[in-house]
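This report refers to the structure that appears directly beneath it.
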Amino acid sequence: MSAVPHDLAHGHDHHGDHHHPTGLMRWLTTTNHKDIGSMYMIFSFIMFLSGGVMALTIRAELFQPGLQVVQPEFFNQLTTLHGLVMVFGAIMPAFVGFANWQIPLMIGASDMAFARMNNWSFWLLPPAALLLLGSFFVPGGATAAGWTLYAPLSVQMGMGMDMAIFAIHIMGASSIMGAINIVVTIINMRAPGMTWMKLPMFCWTWLITAYLLIAVMPVLAGAVTMVLTDRHFGTSFFSAAGGGDPVLYQHVFWFFGHPEVYIMILPAFGIVSQIIPAFARKPLFGYASMVYATSSIAILSFVVWAHHMFTTGLPAATQLFFMYATMLIAVPTGVKVFNWVATMWRGSMTFETPMLFAVGFLFVFTMGGFTGLICAIAPIDIQLQDTYYVVAHFHYVLVAGSLFSLFAGAYYWLPKWTGHMYDEKLGKRHFWLSIIFFNVTFFPMHFLGLAGMPRRIPDYNPMFADFNELATIGAFGFGLSQLLFLYVVIKCVRGGEPAPAKPWEGAEGLEWTVPSPAPYHTFEEPPLVK
Amino acid sequence: MRPTIRASVALSALAGVLAVPAVSAEDRYNLQQPVTHIAAEIYSMHTLMLFICLVIFIGVFGTMFWAVFKHRKSKGAVAAHFHENTTVEIVWTIIPVLILLGMAWPATKTVIAMKDTTNPDITIKATGYQWQWGYDYLKGEGEGIRFQSVLSTPRAQIDRGEYKGRNYLLEVDKPLVVPVGKKVRILTTANDVIHAWWVPAFGVKQDAIPGFIRDTWFRAEKEGVYRGNCAELCGKEHGFMPIEVHVLSQEAYTAWVAEQKKQMTQAQEPANAAASAATAG
C-alpha cells in the first residue's frame, strides 16, 4: 500500500478499496499496522486468559495443605506453562500490539517500515502458541522445569520440552523481526520536525526496548538450543560427565532473562509517561532525564544477570559486583518514579480509568521495586531466593507493573481505536476490583517467603496455610475481575458514546489529531511538527 | 455495667483473632528466628532495609497522595507549567546513591563472612537426589557416618486428607545431627539435577549441582531442631524432600556419633560373617 504514489488522479482511498480483501483473507494478509496491532492484542488477551486458568488451577491446589486437585507432575507443568504463556504469550505480544497501533500514529508515519514483515511477525505467534499449549497433550505432558527451564532438569523432560523449545524459537523470531521493524520505523519515519527530543516517551521506551530484544532474544535461542542438543544430539553443555556445567545454562539464560524483564517493563513506563501528563494537564516532568534514566536502566540490565544466581556458588567478588550493579538500577528507576510524581504535583488531575491504572501502577510497581532492592542484597537473597518472596516481587512488577500499564493504555487509546468511549463506570470498577484483589493475592506471599515457604511446590506445611488461603481467594477475585475488562472492551468495540478526535482534555500527541476511530490509513502525507 | 461487658467481649474477640496457636506473630510475618550469627546479621539487615524502604515509601507516596487529593481539577486546582529542573534531578539521583552505599556496606561484610568456609570443625557432604538428601560426614567428629534422609510424612496425610502433624512435610526418617557452637562446613552436590540445601534458621542456602562441589557453612548457637526445604525445582517431588537438623550439646553429639558407629559396625557384622563363610567354604 505504501508503495503507491500519493498523487494518483483517481485517489488513494479508491485504489485502496480495490485491493482491500475482506473476511478471513483480510486478517491473514493484512500489512496494516492497525489491523496487526489489534490481532496482537486479541491474541495476547486469549493467552492471558489461558495463563490465568493455569494460575487459578495452581491456586486451587494451594488453597489448602495436602494434594487435592492435581498431581505434583502436572502442578509443575502448570507453573512452567503459566510463566511461559504469560511472559511470551500475553505481556510481550500485548506491548507489541500497542507499539504497532501507536508508534506510526505518534510519529506521523503511514505505517511500520516493513509492513509485510510485520504481518509475518504476528502470524508466527498462533502456531507457537498451539505448540506450547498443545504440549500438555503429548505423552509426558508439558515441560515441568519451570519457565526458566534450568538444565539438567530440562534435559530430563519429555517431548513437551522439545515443543516448548520450538515455540520459543518461533516467538523469538517474531520478537526480533518486530523489534527491527520498530527501530527502523522510529529512526527513519518520524514526521519532519519531530526531533529526537520531541519523540513521545512511549516511542522512546519502545525504541530502547527494541534494542534490548534484538540483543537478547538470540541469547535465549542459544540457551534453549543447547538444551535441545544436550537432549538429542549428544552434546554435554550442561552435563559434568561430558565436561560441561549446569551453571552455564543459568548464565546464558539469565543474560537473556534479566534484560527480558526490562523488555516487559520499559514499554509500561512509556505508556504511563503518556497518561500521567495527559490527566494532570501538565507536561511530563524531566523529559530528558526520563530518556537518560530509561537508557541507563537498559544498559545496566546487561550487567546484573547473576543476581538470579546468588546461591549457585559464585565467588565472593562476583556476588559483590552483581549486588552493587543490581542496587544501582534502583537509581534511574527511582528517578523515573520521582519524575512521575513531580508531573502530578500541582497538576489539575482527573481520575478517569486510564489515570486510575497509571497511578495505581505507580503505587504498586514501586512496592515491587522495593522488594527487588531487598532481594538485590545478596545475603538477604540467600534467604529469599526460590521462595514466595520472589514470586511476590515479580508479580508486583509484572502484574501491577506491566499488566496495569497495559490496562491503562487500553482504556486511554480505546476511543482512538474504536471511535467509542468505553463505559467509564465499569472501567473504574475493573480498576478497583483489580487492585484490591491483586494485593489480597500477592501481598501475603511476601510473608510466606520470609517465613520459609519455597516456590514451585504443590503442598506445604500448615504454618503457611492461612496466607495461602487468602492468596487463593484473591486470585480467584482477580481472575474473575478480568472478565469485566473483556466485557468493557467488547461493549466498546460494538458501540458507545462517539469519541471525538481528542477525548482527553490534557492529551498531547499526533494520534489525537486524527479522527476517532483512526482511519484505516493515516498520515499518508506526513504532518509537519512544530 | 453494659459498656464494661461489651468492652471485655470486644477485647476477648480481639485476643482470639490475634492469638495464633503455637506460632507467634513474628514467625508468620518475618524471617525465622536466627540461630546463627550470619542469620542474625541477615535478619537485622532485612529490618534495616524495611525501615529505609518505609521512609522512602512515606516520602514518595505521601507526596503523591497529597497531590491526588489536593491537585485535582474538581477541587479547582489549576495546572502549573513547570516541567524540568536540573538541580532537582541531580539531588534525587545523588541521595539514592548515598542511601545505597549505606545499604551496601553491611551487606558486603556479610557476603564475605558467608563465603569464609575455612577451618571448619566438621565437614559434611549433602547430596541432593531425586527426591531425598544423602549425608556423608567427611571430616571431624563423626567422620565416616553416612545415611540417606527421606521425608517421613505418611502419604495418607498428603493424599488422603488425614490430619496433618505439626511437622507435616518438614520431617525425615534420619535427620542431620551436628553439635552446637561448632563450625560445620556443608559441601553440596547432587546425583541428578540441581537441588538446593536450605535451612532458614541458619541463614544457609546452597545449590547442589550434579558433578560439582559447592560449599557453605554454619555455626548453630542454640540447641534445637531446625527444618528446611529443597530450594531448587528438581522434579515432581521437589516439595517433598525436606531437611531436618538436630543441633545437640557436645556430649549428646559425641554419644550420637558413638551410637551411629556402633550401628554401622553391627550392620557390617552379618556381611563380614557371610564373607568369611564364603572364603572358608
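Residues in segment B:168-182 include at least one that is at the interface with chain A (Cβ under 9 Å from one of its Cβ atoms) and in contact (Cβ under 8 Å) with a residue 24 or more places away in the chain. Across segment B:42-56, the qualifying residues are those that are touching a helix residue (DSSP H, G or I) at 6+ places or on another chain (Cβ under 8 Å) and more than 7 Å from chain A (Cβ to nearest Cβ), and the one among them that is surrounded by the most Cβ atoms within 10 Å (Cβ to Cβ) is B:Ile56.
Of everything in segment B:91-118 that is at the interface with chain A (Cβ under 9 Å from one of its Cβ atoms) and touching a strand residue (DSSP E or B) at 6+ places or on another chain (Cβ under 9 Å), the residue that is nearest to B:Asn229 (Cα to Cα) is B:Met114.
Of everything in segment B:209-248, what is closer than 23 Å to A:Gly243 by Cα, surrounded by fewer than 23 Cβ atoms within 10 Å (Cβ to Cβ), facing chain A (nearest Cβ under 8 Å) and not acidic (Asp, Glu)? Give them in sequence order. Of everything in segment B:209-248, those that are closer than 23 Å to A:Gly243 by Cα, surrounded by fewer than 23 Cβ atoms within 10 Å (Cβ to Cβ), facing chain A (nearest Cβ under 8 Å) and not acidic (Asp, Glu) turn out to be B:Pro210, B:Gly211, B:Phe212, B:Arg214.
Listed here are the helices (runs of 4 or more DSSP H) enclosed by segment A:246-301 that have at least 3 residues being more than 9 Å from chain B (Cβ to nearest Cβ) and more than 23 Å from A:Thr343 (Cβ to Cβ): A:246-263.
Taken together, A:Phe370, A:Phe363, A:Phe431 contain a single residue that is of a type in the set (Phe, Trp, Tyr) and either out of contact with any helix residue (DSSP H, G or I) (no Cβ under 8 Å at 6 or more places or on another chain) or in contact (Cβ under 8 Å) with a residue 40 or more places away in the chain (or both), which is A:Phe431. Here A:Glu424, A:Glu469 are screened, and the one residue that is closer than 30 Å to A:Tyr520 by Cβ, modelled with pLDDT of 95 or more and surrounded by fewer than 21 Cβ atoms within 10 Å (Cβ to Cβ) is A:Glu424.
If you go through segment A:315-353 and keep only what is of a type outside the set (Ser, Thr, Tyr) and in a loop (DSSP other than H, G, I, E, B), you end up with A:Pro315, A:Trp345, A:Arg346, A:Gly347, A:Phe351, A:Glu352.
The set of residues in segment A:21-35 being within 15 Å of A:Ala115 (Cα to Cα) and either over 23 Å from the mean Cα position of the chain (by Cα) or not acidic (Asp, Glu) (or both) consists of A:Arg26, A:Trp27, A:Leu28, A:Thr29, A:Thr30, A:Thr31, A:Asn32, A:His33, A:Lys34. Restricting segment A:309-326 to residues that are crowded, with 23+ Cβ neighbours inside 10 Å and touching a residue at least 60 places away in the same chain (Cβ under 8 Å), the residue that is nearest to B:Lys205 (Cα to Cα) is A:Thr311.
Within segment B:183-208, being in a strand (DSSP E or B) and facing another protein chain (nearest Cβ under 7 Å) holds for B:Ala196, B:Lys205, B:Gln206, B:Asp207. In segment B:119-126 there is at least one residue matching the filter, namely being more than 7 Å from every other protein chain (Cβ to nearest Cβ), within 30 Å of B:Gly235 (Cβ to Cβ) and not β-branched (Val, Ile, Thr). On the stretch given as segment B:24-72, residues that are within 22 Å of the chain's Cα centre (by Cα), part of a helix (DSSP H, G or I) and small (Gly, Ala, Ser) total 4. As a summary of the residue check, B:Asn167 satisfies the conditions (1) among the polar types (S, T, N, Q); (2) surrounded by 18 or more Cβ atoms within 10 Å (Cβ to Cβ); (3) part of a loop (DSSP other than H, G, I, E, B) except for the one numbered (2).
Within segment A:439-449, is even one residue over 30 Å from A:Asp381 (Cα atoms), touching a Leu at 6+ places or on another chain (Cβ under 9 Å) and either surrounded by fewer than 22 Cβ atoms within 10 Å (Cβ to Cβ) or more than 14 Å from every other protein chain (Cβ to nearest Cβ) (or both)? Among the residues of segment A:439-449, not one is over 30 Å from A:Asp381 (Cα atoms), touching a Leu at 6+ places or on another chain (Cβ under 9 Å) and either surrounded by fewer than 22 Cβ atoms within 10 Å (Cβ to Cβ) or more than 14 Å from every other protein chain (Cβ to nearest Cβ) (or both), which makes the answer no. The single residue among A:Thr366, A:Thr387, A:Thr343 that is more than 28 Å from B:Glu84 (Cβ to Cβ) and facing chain B (nearest Cβ under 9 Å) turns out to be A:Thr387. Residues in segment A:393-410 that are touching a residue at least 60 places away in the same chain (Cβ under 8 Å) and of a type outside the set (A, V, I, L, M, F, W, C): A:Gly401, A:Ser402, A:Ser405, A:Gly409.
Quick grid of which residues meet (1) over 19 Å from A:Ile457 (Cα atoms); (2) surrounded by fewer than 20 Cβ atoms within 10 Å (Cβ to Cβ); (3) of a type in the set (Lys, Arg):
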position	(1), (2), (3)
A:Gln64	no, yes, no
A:Glu73	no, yes, no
A:Leu78	no, no, no
A:His82	no, no, no
A:Gly89	yes, no, no
A:Ala129	yes, no, no
A:Thr148	no, yes, no
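Could you tell me whether segment B:85-105 includes any residue that is outside the structural domain of B:Val178 (by TED's automatic domain parsing) and in a loop (DSSP other than H, G, I, E, B)?
Checked against the condition, which is being outside the structural domain of B:Val178 (by TED's automatic domain parsing) and in a loop (DSSP other than H, G, I, E, B), segment B:85-105 yields at least one hit.
Only one entry of A:Gly234, A:Gly193, A:Gly243, A:Gly222 meets the criterion of being modelled with pLDDT of 95 or more and touching a Leu at 6+ places or on another chain (Cβ under 8 Å), and that entry is A:Gly193.
Regarding segment A:62-71, can at least one residue be identified that is of a type outside the set (Phe, Trp, Tyr) and in a helix (DSSP H, G or I)? No, segment A:62-71 has no match at all.
The values are calculated or read from the model by the stated rules, or taken from the named source; none is laboratory data. Predicted, not measured: the structure shown is a model, and the values here were computed from it. Ideal geometry is used to build each Cβ from the backbone, glycine not excepted, and the neighbour counts take in all protein chains shown.
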